[in-house]
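The values are calculated or read from the model by the stated rules, or taken from the named source; none is laboratory data. Model, not experiment: these values are computed from the prediction. Virtual Cβ from ideal backbone geometry, glycine too; neighbours counted across all protein chains shown. Ligands, DNA and RNA are stripped out before the accessible areas are found, and what is left, the full protein with its side chains, is counted by its heavy atoms. Shrake-Rupley method; radii C 1.70, N 1.55, O 1.52, S 1.80 Å.
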Amino acid sequence: MGITIGLTGGIASGKSTVSNMLREKGIPIVDADRIARQVVEPGEEAYQNVVEAFGTDILQQDKTLDRKKLGNIVFQDEEKRNILNSIVHPAVRKQMLVEKDQYLNQGYKAVVLDIPLLFESHLTELVDHTIVVYVDETTQLERLKERNKLTDEEAMQRIQAQLPLQKKVDMADAVIDNNGTIETTREQVNRMITKWNLV
Ligand SMILES: CC(C)(COP(=O)(O)OP(=O)(O)OC[C@H]1O[C@@H](n2cnc3c(N)ncnc32)[C@H](O)[C@@H]1O)[C@@H](O)C(=O)NCCC(=O)NCCS
Ligand SMILES: Nc1ncnc2c1ncn2[C@@H]1O[C@H](COP(=O)(O)OP(=O)(O)OP(=O)(O)O)[C@@H](O)[C@H]1O
């Protein structure tokens, strides 16, 4: 009853770029980053737990999380990152499964779960196939620094908070090379849609 694809990669390797291309073709996407933001909105259970673990210092005046501040804390401290993960990930996993089932029950042939930490968090059991969006290290660093306005050091810390991208490539069922232009990436995405009969 429908195929579930896990889409992953490294930070700023191009997952959102690829998932937007898939969405344009009519394939539903369940985005773990989006859900991870929703589950820590004020009033949610995970929000309460994050504030208890990290203190009110990580809140903005309107009581929402100061994501930049929390990011600066957890990306330079593995122990703190593990604490945040242990609060947020179970809620994300649960909601992803709910949304995936909704799409499959609606009759879609395939649904894509866009999960940055698909391999790190041992979530491959949730999917039938894995796709890794790959870029080389220099391109990754440049695109990350540019997009998030980070220093070299901040960007390196974020990259190092994940499994090396090459390891993910080795574990993937399929790889999309996003070093080139948007158009060359789109061609690879379209070939994959045809090969796996996703729409
Ligand atoms: C630390 C937080 C507050 C920083 O927020 P910010 O808005 O700056 O970044 P955003 O959420 O858009 O994430 C950007 C990228 O960072 C990477 N990333 C995020 N969290 C983690 C993590 N715990 N470990 C490794 N990489 C991570 C992912 O590649 C992600 O795509 C936020 O990333 C967070 O709450 N992380 C914990 C939840 C999580 O693991 N999310 C990732 C998918 S479940
Ligand atoms: N082929 C490309 N050529 C030039 N720039 C690109 C290309 N693909 C993506 N980018 C840019 O690189 C940055 C990272 O891409 P994107 O946001 O899709 O990555 P991501 O893997 O979803 O990142 P994250 O998981 O960290 O949110 C963005 O600013 C995007 O516009």
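To the nearest 10 degrees, how steeply does helix 45-54 sit against the main Cα axis of the chain, on a 0 to 90 scale?
That works out to roughly 50 degrees.
Taking the chain as the reference, fit the longest principal axis to its C-alpha atoms, fit the long axis of helix 182-195 to the helix C-alpha atoms, and give the angle between the two in degrees, 0 to 90, nearest 10.
Relative to the chain, helix 182-195 is tipped by roughly 60 degrees.
Could you put 33, 62 in order of accessible surface area, largest first, with the 1.4 Å probe and the full protein assembly present?
62, 33
Taking the Cα centre of the chain as origin, sum charge times position over the Cβ atoms of Lys and Arg (+1) and Asp and Glu (-1), and report the length of that vector in debye to the nearest 20. Spell out each step's value before the answer.
On the way: 25 positive and 31 negative charges, 102 e Å.
In total the dipole reaches around 480 debye.
Normalised by the number of residues in the chain, what is the relative contact order in percent for Cα pairs under 8 Å and 6+ residues apart?
38 percent
Going by alpha carbons, how many degrees (0 to 90, nearest 10) lie between the helix axis of 78-105 and the longest principal axis of the chain?
The angle comes out near 40 degrees.
Just to make sure I understand: if all protein chains stay in place, what is the order of 64, 8 by accessible area at 1.4 Å, largest first?
On the way: 64 45, 8 0 Å².
Sorted descending by solvent-accessible area, the residues read 64, 8.
Please give the direction-averaged projected area of the C-alpha convex hull for region 79-135, in square nanometres with one decimal.
Numbers: hull surface 19.4 nm².
With every direction weighted equally, the projected area is 4.9 nm².
Calculate, axis by axis, the spread of Cα positions in region 27-125 along the three principal axes, and write the results as whole Å, longest axis first.
Taking the Cα atoms of region 27-125, the three principal extents are 45, 28, 18 Å.
In whole Å, how far is the Cα centre of region 3-25 from that of region 45-90?
Rounded to whole Å, the Cα centres lie 26 Å apart.
Using just the helices of the chain, give the 222 nm mean residue ellipticity in deg cm²/dmol: DSSP H runs with n ≥ 4 each add -39,500 (n - 2.57), and the total is spread over all residues, rounded to 500.
-16500 deg cm²/dmol
Let me check something: with ligands and nucleic acids excluded, how do 156, 96 order by accessible area (1.4 Å probe), largest to smallest?
156, 96
Please work out how much accessible surface residue 120 shows to a 1.4 Å probe, ignoring ligands, DNA and RNA, in Å² rounded to 10.
Surface open to solvent at residue 120 totals about 50 Å².
Ignoring everything but the protein chains, give the 1.4 Å probe accessible area of residue 152 in square angstrom, nearest 10.
80 Å²
List the residues whose amide H sits under 5 Å from the amide H of residue 113, counting only those 5 or more places along or on another chain, with H placed 1.01 Å from N in the peptide plane.
5, 6, 7, 30
Debye calculation, C-alpha points only, no solvent: report log10 I(q)/I(0) for the chain at q = 0.13, 0.17, 0.19 Å⁻¹, in the same order as the q values.
So the normalised log intensities are -0.74, -1.21, -1.41.
Sticking to Cα atoms, compute the Rg of region 138-199 to one decimal and its Dmax as the biggest Cα-Cα distance, whole number, in Å.
Radius of gyration, then largest Cα-Cα span, for region 138-199: 14.5, 42 Å.
Within the set 25/195; 80/168; 63/94; 15/63; 68/145; 68/100, which residue pairs have Cα atoms separated by over 20 Å?
80/168; 63/94; 15/63; 68/100
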